[in-house]
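Scroll down for the structure; my scribbles are underneath it.
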Amino acid sequence: MNSNNNYPRLLIVSHNPFSLINNGKTFTALFKGWPKDNIAQLYLSTDVPDFSVCHKFFQLHDLDILRRALFNRRVRGRRITYSDLPQMIAFRHTFTTNHVLQLLRGHFDPFSLIARDLMWSIAGYKTKDLQRFIDEFDPHVVYFQPYECVFAFSIVKWLCKSKGIPLIMFITDDYISGKFTLDPFFWIQLIRIKRAFKSMILSSDIIVGGCIAICNRMAEEYKSRFGGNYIVAMNAISEPDLPNHTPIKGLVKFMYAGNLGLNRWKVLALIAECLEELYRDEDIHGELSIYSFDQPRAKAATLLNTAHCSSFKGALNADQLNSAKAHSDVLVHVESFDKKNRHITRLSMSTKIPEYLASRRCIFAVGPGDVASMQYLVDYDLGITVVSDNKATIKEALKKIIRDAEMRSMYANKGVELAKLRHNADKTAESVFQMISAAVNMTDCKRD
């Protein structure tokens, strides 16, 4: 175990803050052993942070920048304290239920992304309040989770160069692969984001101490494109110690917990349709409960809520989620089959996979076989997997999983063992700590 004196001061820059409910929970798993005073986070969304691991937050988001660019240059972002949470939760609720804002949020096409970068550049992100926050914390290293916007790279470059500190990049999604499209703005944005990655990794002005990839496929592809030193750190978990579940006679309970975006809701709707037909035509009863912070639109809601076998039940906090898992027999993972979203998710590893494995429940997964998360489940035989959107194939798989309790138990136990072996939170956190420490030490040596 490392003493507190060994921990450098770490500034995390990302879209999402620390969280127990979205992909910010990866940060929570990796840095829960760090002293709170040695971690700060600059995040670029309207999300509400979790204070269990970090208590120094600065928030600057698109609405701030829009107001700053168009109306009021005194908008500077804000420090977030625990006392701000009720107000933030209320604002977040307003934001997620406002139809206009939701429409804009769901339509970040390539042109919008370019316009968004331009808006951040015009408004200026180097606000006095942000500079004061950075100077007071005085970080030793920046830990950056890049995403689809170039302006975030600019922020990180500014921070590293102005403070003379190294960079660690944590890459979780693929934003640098082309696809077949005639949209000129897609190709312009692709060139911009690839240049941003390449410039960051190869910059002589910045010490990139290493890159962390969410899976082996991503590490291999990014290394071949940009070079650099990579380790793999899939979402790490602690076993939730859920009790074995005794199923209700004649009924198998399925549960999906996650976002409905990237057309995942369409695959869930197909599963719901199959369950409804099995119940109606063959008296085989499976019941699907869907939990998500995404509110389905009218068409999706109609398809996800069936007469007997499927229902959308809204959002859950961490404790409620564990309780829902405890009362489920099968946990569901889905990925979209359409070309656009297969392209987006092909190198991504869902944070749900390790959590599902550790939950001592059987996994049922439907998605294309060339997507990393599905490939992982298939390669290690970690559940009943269907790599086709053929309804008959999905129905047969559902029938098999509902009827065979011994098979469900076998996959549940197998998942727990693999989670302990490959997704151990302490081992993953130690690997990340060693990479961060080496980057800080390397920078100190160059200064000397």
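Look through the stretch 391-443, keep the residues that are modelled with pLDDT of 90 or more, out of contact with any strand residue (DSSP E or B) (no Cβ under 8 Å at 6 or more places or on another chain) and small (Gly, Ala, Ser), and return whichever of them is surrounded by the most Cβ atoms within 10 Å (Cβ to Cβ).
For the stretch 391-443, the residue satisfying everything is Ser437.
Within the stretch 349-358, identify whether any single residue is over 25 Å from Glu220 (Cβ atoms) and of a type in the set (A, V, I, L, M, F, W, C), and answer yes or no. Lay out the reasoning, then the answer.
Step one: list which residues in the stretch 349-358 are over 25 Å from Glu220 (Cβ atoms), which gives 358.
From what's left, of a type in the set (A, V, I, L, M, F, W, C): 358.
Within the stretch 349-358, one or more residues are over 25 Å from Glu220 (Cβ atoms) and of a type in the set (A, V, I, L, M, F, W, C).
Which residue is nearest to Lys339 (Cα to Cα), if the candidates are limited to the stretch 257-283 and must be among the aliphatic types (A, V, I, L, M) and modelled with pLDDT under 95?
Per the criteria, the residue is Leu262.
Here is a yes/no grid of residues against (1) outside any helix (DSSP H, G or I); (2) modelled with pLDDT of 95 or more:
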{"residue": "Ala324", "(1), (2)": "no, no"}
{"residue": "Val332", "(1), (2)": "yes, yes"}
{"residue": "Asn341", "(1), (2)": "no, no"}
{"residue": "Ile344", "(1), (2)": "no, no"}
{"residue": "Leu347", "(1), (2)": "yes, no"}
{"residue": "Ser350", "(1), (2)": "yes, no"}
{"residue": "Pro354", "(1), (2)": "no, no"}
{"residue": "Arg360", "(1), (2)": "yes, no"}
{"residue": "Phe364", "(1), (2)": "yes, yes"}
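Where in the stretch 140-229 are there strands (runs of 3 or more DSSP E), lying fully within it, with 1 or more residues that are within 25 Å of Gln375 (Cβ to Cβ)?
Values: elements: 141-144, 167-171, 208-213.
It comes to 167-171, 208-213.
So which residues in the stretch 119-139 are of a type in the set (Val, Ile, Thr), in contact (Cβ under 8 Å) with a residue 60 or more places away in the chain and part of a helix (DSSP H, G or I), if there are any at all?
As a first pass, look at the stretch 119-139 and keep what is of a type in the set (Val, Ile, Thr): 122, 127, 134.
Going one step further and asking which of them are in contact (Cβ under 8 Å) with a residue 60 or more places away in the chain, we end up with 127, 134.
Within the stretch 119-139, just Ile134 meets the criteria.
Name, by its number, the condition in (1) touching a strand residue (DSSP E or B) at 6+ places or on another chain (Cβ under 6 Å); (2) crowded, with 18+ Cβ neighbours inside 10 Å that does not hold for His285.
(2)
Hey, Phe133 hits all of (1) at pLDDT 90 or above; (2) under 22 Å from the mean Cα position of the chain (by Cα) but one; which does it fall short on?
(2)
Only one of these conditions is not met by Gly124: (1) in contact with a helix residue (DSSP H, G or I) (Cβ under 9 Å, 6 or more places away or on another chain); (2) exposed (fewer than 13 other Cβ atoms within 10 Å of the Cβ); (3) at pLDDT below 80. Which number is it?
(3)
Looking at (1) assigned to a loop (DSSP other than H, G, I, E, B); (2) in contact with a helix residue (DSSP H, G or I) (Cβ under 6 Å, 6 or more places away or on another chain), which is the one condition that is false for Asp370?
The single condition Asp370 does not satisfy is (2).
The values are calculated or read from the model by the stated rules, or taken from the named source; none is laboratory data. Note that the coordinates shown come from a computational prediction; the quantities given were computed from them, not determined experimentally. Virtual Cβ from ideal backbone geometry, glycine too; neighbours counted across all protein chains shown.
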